[in-house]
Structure formats: structure tokens, C-alpha cells
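First comes the structure, then the notes that go with it.
Since every read-out is calculated from the coordinates, none of them should be taken as a lab result. Model, not experiment: these values are computed from the prediction. Cβ sites come from the backbone with ideal geometry, for glycine too, and all protein chains shown count toward neighbours.
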Amino acid sequence: MTIHAQPTLPEGGKARRVYLSLRDEISNGALETGARLPGEHKLAESFAVSRITIRRALQALAADGWIETRAGAGSVVLARPQDDQRIAADITTLIPHLLEMHRTTTARLLSFSYGRASDGVAEALGLPQGGKVQTAVRVRYCGDEPFSHLTTHVPEDIALTYDEADLATQPLFRLLERSGVNVASAHQTVTAALAVPDVAEALGIVVGSPLLFVQRIVRDASGRGVEHLSALYRPDLFRLEMNLSRVGNGDGRHWEPVIGASDR
């Protein structure tokens with residue numbers, strides 16, 4: 001079952017909250033395919049809203065292909081993308097996975113421009129105040145489904161070695177290497193974010209939907225910042241994994257990442 005590219009936003013903040021909550025339960029597997037949702041009255045009590053609000057949320061879920069209303073059975077959860085159809089990456093070996101992702105997915109370039117770096121980007125890259133960067137926004141697809149929204153900032157002198165056509169067809173890491181950059185290290189953070197309107201439209205989701213937010217600062221061998229990446233991923237189509245081993249002795253026994261391990 002393919003979720004519609006253009007989501008239906010139910011009217012009213014309460015209906016939207018119910019919609020997002022139920023949709024996330026379906027997406028995360030808490031509500032499995034074929035499961036029947038509680039009736040409108042019970043859902044209204046659970047969310048402390050009116051039945052009209054519940055009805056709006058259910059209508060939006062049905063319109064987006066998450067549930068189906070069946071005579072005598074109420075609202076039933078429809079099939080969602082299976083785990084083996086999702087993009088998965090081991091967080092301890094994320095860069096190789098992202099390069100492999102380029103070969104198995106497609107990207108669409110939304111914008112390409114030069115301009116003054118924001119204070120936050122300038123500080124992260126070690127640029128002087130007012131320093132210029134090349135900014136690109138791309139959406140990456142798995143089949144017909146958009147699953148990531150990527151915004152990159154690269155110092156102007158490096159970015160001048162490639163053009164818009166290059167970035168539309170090649171991964172940025174390859175372009176940096178082609179320009180003579182010796183990528184040596186990166187600092188990465190992973191947290192959560194909510195979809196703002198332009199991101200929601202690009203990813204085919206509802207405004208306010210939860211997203212996985214990855215920010216990475218890439219540096220060359222001299223320590224210079226060469227790339228600032230902000231990546232937003234749909235959690236129903238992308239996940240980060242990590243293998244752990246129990247190590248140590250006594251009170252010092254703890255979990256530790258297994259670098260380079262993969263169960264696939």
C-alpha cells in the first residue's frame with residue numbers, strides 16, 4: 001500500500017493531534033495491519049475530544065490510505081511499507097551507508113544558490129562573519145516515496161568547483177573529493193524535529209509530523225569545515241540502527257557500540 005503523496009490535513013488542531021497520534025501508531029507498528037481501531041465513542045474518551053473531531057481525523061486517515069472503513073468492522077488499519085522496504089543505516093557506519101544509498105535511491109534538487117552564511121552555519125564551518133556559502137536543498141526518494149529532505153552549506157570557494165547539474169546527479173562527498181578536499185572527520189548529532197510547511201510539502205506528509213533530524217559538520221585534514229548538513233528523515237521510511245555489545249566487568253559493565261558490525 002502506497003501512502004498518498006499529498007496528505008490530508010484535518011480541520012482543527014484537536015483533529016490534527018488525533019490524526020498524527022493514530023498515524024504514528026500505525027507507522028511505528030503499534031497498530032498492525034488488519035487491526036481494528038476503537039469506535040468513535042471510545043476514541044473520543046481516550047483523546048478527550050468530541051466524536052466530530054474523531055470523525056474528522058478518521059476521514060483524513062482514510063483519505064491518506066492509512067485506514068479503511070468496513071461495514072460491520074469499523075476502521076481497519078491498511079498495509080504499510082514493510083521493514084525490508086525501508087531505508088536502514090547503522091549509525092556507527094553511517095557514511096558508507098549514505099554513499100550506498102546514493103546508488104539505490106534517487107534525488108531531486110529543489111534549490112541551488114549562493115549567499116551569506118547564517119551566523120550558526122558560519123560559526124560551525126569556521127567562516128568569518130558575512131562569509132558566503134553555496135546552499136542546496138534536495139529531496140531523496142526510495143522508489144516513488146520521498147523519505148529525506150537535505151539542506152547543505154559549502155564554503156563558496158569549494159562550491160565553485162561544481163555546478164547545479166553536478167549536484168543534481170552526484171553525491172556531495174564525491175564532488176568535494178573531486179575539488180581536492182581531503183575529508184577527514186565529522187561531528188554528527190541526531191535528534192527529532194517537526195515538519196514545517198515547506199518540508200512537509202516536499203516529503204508528502206502533514207505539517208507538524210515528527211521527523212528524524214541529523215546534523216553533520218564535515219571537516220578536512222586541516223580541521224576546516226567543508227560541509228554543513230541538515231537532514232530530515234521520515235521515520236516511517238528511514239531508521240538508524242546500532243549494534244551493541246555488553247563489555248567490562250562488575251560495576252563497570254556497560255553497553256558499547258560494535259563498530260562496523262551489521263546484521264544485514
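In terms of the mean number of neighbouring beta-carbon atoms within 10 Å, the peptides 114-123, 213-222, 57-66 order highest first as 57-66, 213-222, 114-123. What does the charge dipole of the stretch 13-77 about its Cα centre add up to, to the nearest 20 debye, if the Cβ of each Lys and Arg holds +1 and the Cβ of each Asp and Glu holds -1? About 280 debye. Take 204-211, 184-191 and order them by the average number of nearby Cβ atoms within 10 Å per residue, most first; the result is 204-211, 184-191. Here the peptides 193-203, 144-154 are ranked by packing, the mean other Cβ count within 10 Å, and the order with the highest first is 144-154, 193-203. Fully extending the segment from Val247 to Glu201 would add 12.1 nm, taking 0.36 nm per residue of separation and subtracting the current Cα-Cα distance.
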